[in-house]
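Worksheet: one structure, shown below.
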Amino acid sequence: MHDNTIKSISKDYFDYLQTESKFIPLENETIEFYSPIVDYFGDSISVNISFSGDRYKLTDHGETLWNMEQFGLDLTNHKKQKKYQLLNNIVQNYGLVIENKHINFYTNRIDLSQAIHDYVLACILYTSDAA
């Protein structure tokens, strides 16, 4: 491929991400990020981002595990299932934390962009692999 073609494809892709990604300010220094990637229900995978002290918290407010429960996968009560082990592996590999059925991630400002990307990727990996 020619350099111009590669540059054009790259520009188109980043323009798409810019257009389809939404950062919506909420109350209390909180942002809701809507990714261009959709879940099994056709909804955008969203991440709530809040700031407290010296770190940012990313959370799904329990949507990922709730969505799995809607498909009959209650992983928090069946920890010996292979699908729970898959979830646990992804959580550990990405440094996520499950708190009250919410998948959370804590990071600093410098690493926030990468954290958002990794968080969405982890949610996609889990839901696609578990289904």
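Some observations on this one:
- For first residues located in segment 1-28 and modelled with pLDDT of 95 or more, partners that are of a type in the set (Val, Ile, Thr) and lie 6+ apart or on another chain with Cβ distances below 6 Å form the pairs Phe23/Ile31; Pro25/Ile31.
- Qualifying positions in segment 38-75 - among the β-branched types (Val, Ile, Thr) and out of contact with any helix residue (DSSP H, G or I) (no Cβ under 6 Å at 6 or more places or on another chain): Val38, Ile49, Thr59
So that you can scan it fast, the table gives a plain yes or no per residue for (1) among the charged types (D, E, K, R); (2) in contact with a Pro (Cβ under 9 Å, 6 or more places away or on another chain); (3) closer than 19 Å to Cys123 by Cβ:
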position: Ile9; (1), (2), (3): no, no, no
position: Tyr16; (1), (2), (3): no, yes, no
position: Ser21; (1), (2), (3): no, yes, yes
position: Asp43; (1), (2), (3): yes, no, yes
position: Asn48; (1), (2), (3): no, no, yes
position: Glu63; (1), (2), (3): yes, no, yes
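- Any hit, segment 3-15, residues being within 15 Å of Ser113 (Cα to Cα) and exposed (fewer than 11 other Cβ atoms within 10 Å of the Cβ): yes
- Close pairs (7 angstrom Cβ cut-off, 6 or more residues apart or separate chains): under 15 Å from Val97 (Cβ atoms) and touching a residue at least 24 places away in the same chain (Cβ under 8 Å) in segment 59-77, of a type in the set (Val, Ile, Thr) and surrounded by fewer than 19 Cβ atoms within 10 Å (Cβ to Cβ) anywhere: Leu65/Thr76
- Ile90 vs. criteria touching a helix residue (DSSP H, G or I) at 6+ places or on another chain (Cβ under 9 Å), surrounded by fewer than 17 Cβ atoms within 10 Å (Cβ to Cβ) and closer than 23 Å to Ser50 by Cβ: no
The values are calculated or read from the model by the stated rules, or taken from the named source; none is laboratory data. Values in this document were obtained by computation on a predicted structure and should not be read as measured data. FYI the Cβ positions are ideal-geometry reconstructions off the backbone, even for glycines, and counts take in every protein chain you see.
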